[in-house]
Amino acid sequence: MLNDKTRTVKVRVNVPNPSGKLKPEMFVHAIVRPQVAMGGRVMDPMLAGKWISPMHPEIVKDQPGECDVCGMPLVRAESLGYVSATTDEFAPPLVIPYSAALVTGTRAVVYIEDPNAEEPTFDGREIVLGPRAGAYYIVKHGLQEGELVVAKGNFKIDSEIQIQAKPSMMTPEGGGGGGGWDLHELRTIQDWYVRYYLLAAEGIIEVTSIGGFVQEYQIDVDPDAMRAARVDLQDIFMAVRNSNIDVGARSIEINKAEYFIRGLGFIEKVSDIEQSVVAVNDDVPITIKDVARVTLGPAMRRGALDKGGAEAVGGVVVVRYGFNPLESIKNIKKKIDEFAPGLATKVVIDYKRVKRPEVIAYTAENNFEGFLGTDPNHDAWVKHLRSTPRTDWPAWATTSQVTVVPFYDRTRLIYETLGTLNTALIEEILVTVIVILVFVLHLRSSILISMLLPLAVLMCFIGMKTFGVDANIVALSGIAIAIGTMVDMGIILCENILKHLEEAAPEEDRKEVGGAVLTAVSTIIISFLPVFTMIGAEGKLFKPLAFTKTFALLASVIVALTIIPPAAHLLFTAKIGRRFRRALLTMLVAIGLMASVWVSWWVGLTPRMRWSSRPIVK
C-alpha cells in the first residue's frame, strides 16, 4: 500500500541467498518487475492459496491466522484480486515513456502527432496517468494504442499558453523566434562569452545577464535510499563540495627537478558527480548515484526578457561612475564588432520538408558525420555548408548564428538632448545679439558685446573639461541661465567707454567700472556656495548647474576686463571710409530682410505650413 506521507511502498521480495552475502539492513540495488494488470493493479500468481492481511499486505502466511501487526484476521489472496484477473483486465497496460508526459501539478499533457495533417503537426492532449513503472507511465484514460506520442523535442515550457497544451507550441508560427537555439544555450553564451568581452570595454564596470535559463547540476535525493545507506543531506552536500575543489600537495623531486602537485576538482559532466563517494558501509562505497539522481536542469529564475513577443536573452551594461556614457557606448559597439563574427553557429534542419533517412543519406553522400547520437553534429554541418556555395545548399538546411541586437541604446537620446541644448544656446545667443543691436544702436559696440558670448562659453567648456563636469542637460542649462548676466558686463563697459571716449583714456575707463562689475559677479558666485555643499541626489542634480554658471560668470569677467578694453580701443578708434560704410550697411540691410523672411514665423507674422499625407477626395 502506498504511504501518502512518505510516498513510499513496502515490497516483499524472496531472494535466494545461498552464499550468505546478503545481510540484514544491507543496502542493495534491486529491480522489481511485477506483473501489472489494467489500471495499475499488481498481479502475483505465486500468491495463489496464500493468506494475506488486508491492512498490511506485506504479512503473507500459508495458513489462516491473524496479522502480526494489527491482529486483523487474514483473508485469501484471491479475494483481494492479487492472483487472477478478467481477460480484459489481464491484458498488458498502456504505457508511455516518462519523458513524454508533461506533468504540471495534477495535470498531465502529451503531444500526439496528427496522422491526417499534410505536414507534421502535434496536438496537445490532457491524459490521466496511473503509477510510474520504471521508465514508463501507465495511462488510465485519454490515450489509445497506436497513437504516436512525442517522447523528446526541442521546445520550451514557459508561458501559460504552452502549459495549456496549445498546438502552436510545436509549430514555428507559434511565436518562438529562437532561431534553433534553446534559452539555456543563449544564456550560456551570454554568461561565458559575450559578458567578458563587454567587460573588457573601457568605461564598463558591470554586465548583468537577464533572461533565459542558467544551466546547473541538479541532485534529487531519494529518502529511502538515503535511509538504507545511513547517510543524510549533509553527507551528500559535503561529498559534492569536496569533489569540486582544487587541492594542493606541495611538491616532489624527480631527477633533480621539482614538480608541484595539484588536484583539479573541476566538474565537467553528470557522471563526475554521480561517482562522488558519500560514505563507505561494510567496505562498500556509497556514491551519489546510489542515493540520488543527478541531471542537468535550469536554475530557478526571477524574471524573463521579452523581445518582440518572443523570449530572448540579454544583458544590462553598467557604466563606471563618472565616465562619459556616450564614449562607453561607442566602446561597447566596437567590442561587439570584434566578437560578433565569432559567435556560435549551428545548423537548423526543417523536418517538414525532409525525413531523417534522407538527411542521413545526404551526410553519407558528402562524407561527413551529420549526427552525434540523435542530435545533429553542428560543427560538421557548419564546416560542410560553409565550404559549399549557398546555391548548392539543400532547401531543408540552413545555418543559425547568434547575434547581438541593441535592445535599448542611449546614443540617440544623448545626441537629441545635446542637439536640443546646442540649438537652444545658439538661438539664445542670436536673439541676444539682435537685442543688443536694437537697443545699443551702435554697430561697433554690438559686435564687441556679441564677441563676449562665444568666448565666454568656450572658456566655460574648458573649465568643465578641466574639473570633470559632465555636459548633461542640467549642466548646460547653467550656461543658458548665465547668458543674460554675461552680456550685462559687456554692455556696461561699452556704454561707459562710449560715454567717456573723448574725456578719458580706456585704462581709466576700465578702472572706473571694473571694480563694480567684479563686485556684482562675485556676489552672484558667492550666492551659489550653498549649492556646492549639497550631498546625495540633490548634490548630483544641482552641482553641475552651479559649476557651469560659475564658470560662465568667471569667463565673462575675464573677457570683459582683459579682452574688451583693448578690443574696444582698436575697434572704436579705427576709421572706416564712406564707400565701405555704405556697402556694409547695404549688406546688413539685405541680410536683415532675408532673415526676416526666413524666420518670420518666430514672431508669428505668417503661419507655418504643415504637410498632410491624407489624400484629398473630391
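The values are calculated or read from the model by the stated rules, or taken from the named source; none is laboratory data. Please read these numbers as outputs of a predicted model, since none were measured by experiment. In this analysis, Cβ positions are derived from the backbone assuming ideal geometry, glycine residues included, and neighbour counts consider all displayed protein chains. The area values use the complete protein model at the heavy-atom level, side chains included, leaving out ligands, DNA and RNA. Shrake-Rupley method; radii C 1.70, N 1.55, O 1.52, S 1.80 Å.
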**OP:** Report the full-extension gain for the segment Ile473 to Val13: residue separation times 0.36 nm, less the Cα-Cα distance, to one decimal in nm.
**Re:** 157.5 nm
**OP:** Name the shape class, rounded, prolate or oblate, that the alpha-carbon gyration tensor gives for region 378-507, where a ≥ b ≥ c are the square roots of its eigenvalues, rounded holds for a/c under 1.5, and otherwise prolate holds if a/b is larger than b/c and oblate otherwise.
**Re:** prolate
Subject >> Ile481-Phe572 FRET efficiency (beta carbon distance; Förster radius 35 Å; 0.05 resolution) >> reply: 0.70
Original post:
For labels at Arg125 and Lys499 in the simple 7 Å Cα→Cβ model, what's the distance in nm?
Top reply: 10.2
Subject >> Partners for Lys10 among lysines (Cα-Cα distance below 20 Å; same-chain residues under 8 apart left out) >> reply: Lys23, Lys50, Lys61
Original post:
Which peptide among 353-361, 125-133 comes first, and what is the full order, when sorted by highest mean count of other Cβ atoms within 10 Å?
Top reply: 125-133, 353-361
Original post:
Based on the Cβ-Cβ distance of Thr411 and Arg320, what FRET efficiency does E = 1/(1 + (r/R0)^6) give at R0 = 22 Å, to the nearest 0.05?
Top reply: 0.80
Original post:
What does the highest-first list of 189-198, 337-346 look like by mean Cβ count within 10 Å?
Top reply: 189-198, 337-346
**OP:** Sorted from largest down, give the three principal axis spans of the alpha carbons of region 192-329, whole angstrom values.
**Re:** 67, 55, 22
**OP:** Can you give me the three principal axis dimensions of region 328-429 from its C-alpha atoms, in Å, biggest first?
**Re:** 76, 25, 25
**OP:** Return the FRET efficiency for the residue pair Thr374, Ser527: r is the Cβ-Cβ distance, R0 is 51 Å, and the value is rounded to the nearest 0.05.
**Re:** 0.10
Subject >> Label-point separation in nm, Asn255 to Leu148, each point 7 Å along Cα→Cβ >> reply: 6.2
Original post:
Thr208 versus Gln401, label points 7 Å from Cα toward the beta carbon: distance in nm?
Top reply: 3.1
**OP:** Give, in nm to one decimal, the length gained when the segment between Lys352 and Tyr193 is fully stretched (0.36 nm per residue of separation minus the Cα-Cα distance).
**Re:** 53.9 nm
Subject >> Probe 1.4 Å, accessible area per residue of region 193-251, Å² >> reply: 62
Original post:
To the nearest 20 debye, what is the magnitude of the charge dipole of region 324-397 about its Cα centre, counting +1 on the Cβ of each Lys and Arg and -1 on the Cβ of each Asp and Glu?
Top reply: 280
Original post:
In what sequence, highest mean first, do 65-75, 478-488, 387-397 appear when ranked by Cβ atoms within 10 angstrom?
Top reply: 478-488, 65-75, 387-397
Subject >> Percent carbon-and-sulfur accessible area, region 336-487, ignoring ligands, DNA and RNA, probe 1.4 Å >> reply: 63
**OP:** Compute the Cα gyration tensor for region 262-391, then decide on rounded, prolate or oblate, letting a ≥ b ≥ c be the square roots of its eigenvalues: rounded whenever a/c is under 1.5, prolate when a/b is larger than b/c in the other cases, and oblate in all that remain.
**Re:** oblate
Original post:
If you take the square roots of the eigenvalues of the alpha-carbon gyration tensor of region 260-303 and sort them as a ≥ b ≥ c, do you get rounded (a/c under 1.5), prolate (a/b over b/c) or oblate?
Top reply: oblate
Subject >> Solvent exposure ordering (accessible area, 1.4 Å, most first) of His384, His29, His569 >> reply: His29, His569, His384
